[in-house]
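The values are calculated or read from the model by the stated rules, or taken from the named source; none is laboratory data. Predicted model, so just to flag it, every value in this text is computed and none were measured. Side chains included, ligands, DNA and RNA excluded: accessible areas come from the protein's heavy atoms. Shrake-Rupley method; radii C 1.70, N 1.55, O 1.52, S 1.80 Å.
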Amino acid sequence: SYFSPCRLQHGATGSPVLELSIQECGRAIVEYFRTQLKHRDVQAVVSQGLDRDLTFHVVQLLLVHFGESPDGLMILADGSSTAAEIERKFTLPASPQLILLGNEPMTNCQWMISIEGHVVCEGTQPTFAALFAVFYVFNLQYQDKASETL
């Protein structure tokens, strides 16, 4: 696997520093967006609360704030999908894409990452750190659909 050095296929993240930063600063980011009362889309995400993963919540807020679509960064798929089914069912972009498995984002704790139209790794405990690691390891430019958020 491409990601053996990062141990991503076993669910380990490529960047514990990123996850620690989100844990330390994520609540401050959420609190900032709570004060943005005029932005209805942001408030809709804020109102979902922090029952979900903090990283996912922060990324959702940033996507909405910058007017970017979540599909530029991630795909939601059925929790029982295999990599082969994902490749058949979706038109996967060339740029890295996080595929979250389950009916509700961040509740199933399974994910895959695709690059150049193919699923290249999968694991448990969905993480955006793995997606950011792909951009870093392969020295890739962020896709236009989510470049401001990233």
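Can you give the accessible area of E148 in Å² (nearest 10), computed on protein heavy atoms with a 1.4 Å probe?
110
Would you check the accessible area of Y142, probe 1.4 Å, heavy atoms only, in square angstrom rounded to 10?
Using a 1.4 Å probe on the heavy atoms, I get roughly 80 Å².
Taking θ = phi - 60°, what integer Hz values does the Karplus form 6.51 cos²θ - 1.76 cosθ + 1.60 yield along region 79-92, in sequence order, with x for Gly and Pro?
Running phi through 6.51 cos²θ - 1.76 cosθ + 1.60 with θ = phi - 60° gives x, 9, 5, 9, 4, 4, 5, 4, 5, 7, 6, 10, 8, 7 Hz.
Given a 1.4 Å probe and heavy atoms of the protein chains only, how would you sort H57, H118, largest accessible area at the top?
Working: H57 0, H118 105 Å².
Result of the area sort, largest leading: H118, H57.
At 1.4 Å probe size, put V46, V137 in order of accessible surface, largest to smallest.
Working: V46 10, V137 75 Å².
So the residues, ranked largest to smallest area, are V137, V46.
For K38, K89, give the ranking by accessible area with the largest first, probe 1.4 Å.
Largest accessible area first, the list is K38, K89.
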